[in-house]
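Worksheet: the structure to be examined is printed underneath.
The values are calculated or read from the model by the stated rules, or taken from the named source; none is laboratory data. If you're wondering where the values come from, they're calculated on a predicted model, not measured in any experiment. Every residue, glycine among them, receives a Cβ derived from its backbone with ideal geometry; neighbour counts consider all protein chains shown. Ligands, DNA and RNA are stripped out before the accessible areas are found, and what is left, the full protein with its side chains, is counted by its heavy atoms. Shrake-Rupley method; radii C 1.70, N 1.55, O 1.52, S 1.80 Å.
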Amino acid sequence: MGFHIPSTSPARKWLGFVAAVWVQAISGNNYTFSNYSDALKSLMSLTQLQLNNLSVAKDVGKAFGIFAGLASDRLATPAILLIGSIEGFIGYGVQWLVVSGRIQPLPYWVMCIFLCMGGNSTTWMNTAILVTCIRNFRKNRGPVSGILKGYVGLSTAIFTDICSALFANDPSSFLLLLAVVPFVVCFTAVLFLREIPPSSTAAEEQDEVKNFSIINVVAVCIAVYLLAFDISGPHGTVFSQLFTVILLILLASPLFIPLYLMMKNFIRSNSGNLDFEGNNIATVPLLAEQIVEKKEMVMVPVIGEDHTIFEAMRTVDFWILFFSFLCGVGTGLAVMNNLGQMGLAMGYVDVSIFVSFTSIWGFFGRILSGSVSEYFIKKAAIPRPVWNAASQILMAVGYILMAMAIPGSLYIGSIVVGICYGVRLAVTVPTASELFGLKYYGLIYNVLILNLPVGSFLFSGLLAGLLYDAQATKTAGGGNTCIGAHCYRLVFIVMAIACIVGFGLDVLLSIRTRSLYSKIYASRKSKKSAVLS
């Protein structure tokens, strides 16, 4: 690669994490369906139910993420990334050919297959990234999950705003971006992303926390920058091009962390001041931590204990987590998949802003909940599922507001749904790893995200599709349309009830795991005391 970096060097680990951030910043393409769904609906003369079932086909691709989970235990990270990038290039590439008019619309079932391929591609990317990075930074799982899932949330706004800036929201140009950009980024990431031993000293852990804080600040700057672009109205050509250049610079800026570490390592290696006593001192915390970890495994066998998927599925906690996750992400996906039609039904001409709002505020939900949940475990032993419960009840309130159809309710609703959907994803990822271990985490994670296609089918394909069509009127060519608040009112009410059920499940899981998180708190506190002594 041209870089002479030791395989266990922190610089290599952080270079891999930055590459992971880039992959996540382009792997949320599965949430962008609303940006080109209306073009597909018109081109193929679809009813809303047929269009929603296309979105379900996209989400069904995640059901095949089980193969990515199985592969994560057998294939290297670069191989998994390559599979995802090639599959996404084909899936979105064919959709681009259709929407751009380069080929005639394919049969409905064939389009379902290519949408499924596009959806499945992200499971390979996410599995490679999450499994590798959580293993590399296992002592900071909350921040890792929050940052990576936060960039997934931002990716929708990144794609949407770049397309708006450069191509005036043209659906075919948007699909071309979805096909080409992830393909190129993943091919870059395979050079750097590897599984590397986690931190072994207190100093390394403190450095990790500082670096994560820096990346959090950069990510927040990107989110605010995107939000400012969205709410600042129409933009000229030069301004839009300048916006894109600055955005790319911001996305590249986390590179300064591994570059700084590489320079630091280069100066040390050339100075020749590595003395024997310094190396001996460095090994003391390492040995102390190893002893503490062995002790921890005896005292708290759940932490780091490896469950196979079958062992996990035999526990009550797995199914509580599974179904509460379904209530949150299933209803959230229904909104994301239907935002285009929801906006048109409410009388909005440009609905792209709602897609961006959901993405940007989803980022804040992901990045804050990851770090906040980690902080409160370390400070007060508060179980992570508490934050899932809070997000569920807030999401229910958001759906009720959208059902009331008061002025601005779709703006408020898209923000609330974005935040709460983000919290669900960012908190559930480390929760599953803490309950069931990391050895088989890739497969366990992909079984949990079966809720995405299942939830999409139940709440988007069936609930939203059928109820919308019941209210809609036929249009020339075989499609249909519905205008007015009544189009989705019953959909929002049912989804609010589902979130209340999810809230109850999360409260139950918080109670059941309270002793576990108390032990995690105690073990981390004792480990810190041992290292200091």
(message) Let me spell it out: the conditions are (1) over 28 Å from Tyr445 (Cα atoms); (2) part of a helix (DSSP H, G or I); (3) without any contact (Cβ under 8 Å) to a residue 40 or more places away in the chain, and Phe114 meets all of them except one. Which number is the exception?
(response) (1)
(message) Let me spell it out: the conditions are (1) within 30 Å of Thr473 (Cα to Cα); (2) not in a loop (DSSP other than H, G, I, E, B), and Gln104 meets all of them except one. Which number is the exception?
(response) (2)
(message) If the requirement is being farther than 19 Å from Pro171 by Cα, of a type outside the set (Val, Ile, Thr) and either touching a strand residue (DSSP E or B) at 6+ places or on another chain (Cβ under 7 Å) or open to solvent by 50 Å² or more (accessible area, probe 1.4 Å) (or both), which of these qualifies: Pro78, Pro107?
(response) Pro107
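Just checking, which of Val180, Val184, Val218 is in contact (Cβ under 8 Å) with a residue 40 or more places away in the chain and of a type in the set (A, V, I, L, M, F, W, C)? Write out each step before concluding.
Working: Val184 fails: in contact (Cβ under 8 Å) with a residue 40 or more places away in the chain; Val218 fails: in contact (Cβ under 8 Å) with a residue 40 or more places away in the chain.
The unique qualifying residue is Val180.
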(request) Sort out which residues of the range 420-438 are over 16 Å from Ile320 (Cα atoms), of a type outside the set (Gly, Ala, Ser) and surrounded by 24 or more Cβ atoms within 10 Å (Cβ to Cβ), and write them in order of number. (result) Cys420, Tyr421, Val423
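Give the range 1-49 a look and list any residue that's part of a helix (DSSP H, G or I), of a type in the set (S, T, N, Q) and either at pLDDT below 80 or touching a helix residue (DSSP H, G or I) at 6+ places or on another chain (Cβ under 7 Å) (or both), or say none.
Looking only at the range 1-49, we keep the residues that are part of a helix (DSSP H, G or I), and these are 10-26, 29-31, 33-35, 37-44, 48-49.
After this cut, where a residue has to be of a type in the set (S, T, N, Q) as well, the list is 24, 29-30, 34-35, 37, 42, 48.
Those that are part of a helix (DSSP H, G or I), of a type in the set (S, T, N, Q) and either at pLDDT below 80 or touching a helix residue (DSSP H, G or I) at 6+ places or on another chain (Cβ under 7 Å) (or both): Gln24, Asn29, Asn30, Ser34, Asn35, Ser37, Gln48.
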(request) Residues being of a type outside the set (A, V, I, L, M, F, W, C), open to solvent by 30 Å² or more (accessible area, probe 1.4 Å), farther than 15 Å from Asn211 by Cα and within 28 Å of the chain's Cα centre (by Cα): count how many of those fall in the range 234-261. (result) 1
(request) Scan the range 380-417 for residues that are open to solvent by less than 10 Å² (accessible area, probe 1.4 Å), farther than 14 Å from Met342 by Cβ and assigned to a helix (DSSP H, G or I) and jot them down. (result) Pro385, Asn388, Ala389, Ser391, Gln392, Met395, Ala396
(message) Out of the residues in the range 127-148 meeting the condition of being touching a Ser or Thr at 6+ places or on another chain (Cβ under 8 Å) and of a type in the set (Ser, Thr, Tyr), tell me which one is surrounded by the most Cβ atoms within 10 Å (Cβ to Cβ).
(response) Thr127
(request) Spot the failing condition for Leu176; the list is (1) closer than 28 Å to Lys439 by Cα; (2) in a helix (DSSP H, G or I); (3) open to solvent by 10 Å² or more (accessible area, probe 1.4 Å), and only one is missed. (result) (1)
(message) Of everything in the range 406-426, what is among the β-branched types (Val, Ile, Thr) and without any contact (Cβ under 8 Å) to a residue 12 or more places away in the chain? Give them in sequence order.
(response) Ile406
(request) Filter the range 184-215 down to the residues that are open to solvent by less than 60 Å² (accessible area, probe 1.4 Å) and among the aromatic types (Phe, Trp, Tyr), then identify the one that is nearest to the chain's Cα centre (by Cα). (result) Phe212
(message) For Ser145, only one of the following conditions fails: (1) in contact with a Pro (Cβ under 6 Å, 6 or more places away or on another chain); (2) among the hydroxyl-bearing types (Ser, Thr, Tyr); (3) in a loop (DSSP other than H, G, I, E, B). What is its number?
(response) (3)
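Could you pull out the residue among Phe310, Phe363 that is farther than 17 Å from Ser460 by Cα and either of a type in the set (A, V, I, L, M) or surrounded by fewer than 24 Cβ atoms within 10 Å (Cβ to Cβ) (or both)? Full working, then the answer.
Values: Phe363 fails: either of a type in the set (A, V, I, L, M) or surrounded by fewer than 24 Cβ atoms within 10 Å (Cβ to Cβ) (or both).
None of the others qualify; the one that does is Phe310.
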(request) Can you confirm whether the range 185-194 contains a residue that is modelled with pLDDT under 90 and closer than 29 Å to Leu435 by Cβ? (result) yes
(message) Just the residues that are hydroxyl-bearing (Ser, Thr, Tyr), modelled with pLDDT under 80 and crowded, with 24+ Cβ neighbours inside 10 Å, please, taken from the range 324-358.
(response) Ser356
(request) Looking for whichever is assigned to a helix (DSSP H, G or I) and within 22 Å of Met342 (Cβ to Cβ) here; the options are Ala63, Ala57, Ala68. Which one fits? (result) Ala57
(request) Would you tally the residues in the range 227-258 being assigned to a helix (DSSP H, G or I) and either at pLDDT below 90 or not aliphatic (A, V, I, L, M) (or both)? (result) 16
(request) Report, by residue number, each residue of the range 149-172 that is among the polar types (S, T, N, Q) and open to solvent by 30 Å² or more (accessible area, probe 1.4 Å). (result) Ser164, Asn169
